[in-house]
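Chemist: Structure provided below as structure tokens; questions to follow.
The values are calculated or read from the model by the stated rules, or taken from the named source; none is laboratory data. These figures come from a predicted structure and were not determined experimentally. Cβ placement follows ideal geometry from the backbone for every residue including glycine, while neighbour counts extend to all protein chains displayed. Ligands, DNA and RNA are excluded from the accessible area calculation, which covers all protein heavy atoms including side chains. Shrake-Rupley method; radii C 1.70, N 1.55, O 1.52, S 1.80 Å.
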Amino acid sequence: MTTPAESRPERPRRSRNRHTDAANEQATHGRDRGRRADGPLIVVGIDASEASPHALAYAAGAARRMHASLVVAYIRTLATNAYLTSLAPMGTELTCELATEQIIAARELATEVLGDLPLPWSFTVRCGDPAVELARLADDNNADILVVGRSSSRLHRLTGSTAARLLRRARCPVTVVP
């Protein structure tokens with residue numbers, strides 16, 4: 001016959017030094033294992049919206065204060081008509097010209113805002129869904145912060161904006177700038 005003390009499972013002993021335990025837990029966390037040696041990184045998504053210059057300026061200020069590197073990302077989305085119609089190849093040249101102009105405008109905006117600042121930055125272009133690609137870019141580079149502008153479209157209240165979808169998808173903190 002067992003006594004009540006024998007039937008209880010043994011509890012793991014608590015360490016008396018909570019600070020050491022927290023530091024060990026943080027060091028073994030998956031995000032910290034892939035830590036960059038060159039310091040913090042901020043990813044900012046820009047496009048042709050009114051909020052993009054604000055998001056870029058906010059990210060630049062945060063990068064300057066944190067002594068961080070900055071990755072400016074322009075995500076090129078394919079036109080909805082290309083998915084829905086079989087006539088998409090007919091309008092491809094127009095879509096490519098417009099996309100090229102938008103990429104050049106985004107690069108010029110980044111150069112204008114970040115050109116005089118003494119911080120390392122890069123510009124990248126990806127193609128696809130903005131929320132998916134920005135979250136993937138942040139994950140691939142182990143970003144510390146992801147910054148995007150707030151959408152001003154009324155349609156996004158029904159369908160969900162990129163910022164709202166990023167808040168659910170991204171593994172790093174997301175800052176939405178108005």
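Chemist: Please verify whether D32 is open to solvent by less than 100 Å² (accessible area, probe 1.4 Å), under 20 Å from A135 (Cα atoms), acidic (D, E) and at pLDDT below 85, treating the condition exactly as stated.
Modeler: So D32 passes the test.
Chemist: Quickly run through the range 118-144 and pick out the residues that are among the polar types (S, T, N, Q) and open to solvent by less than 50 Å² (accessible area, probe 1.4 Å).
Modeler: Hits for the range 118-144 are T124, N142.
Chemist: Restricting attention to the range 57-92, report how many residues are at pLDDT below 50 and among the aromatic types (F, W, Y).
Modeler: So the count comes out to 1.
Chemist: Could I ask something else about it? Do you know which residues across the range 93-111 are at pLDDT 70 or above and farther than 24 Å from V148 by Cβ?
Modeler: C96, E97
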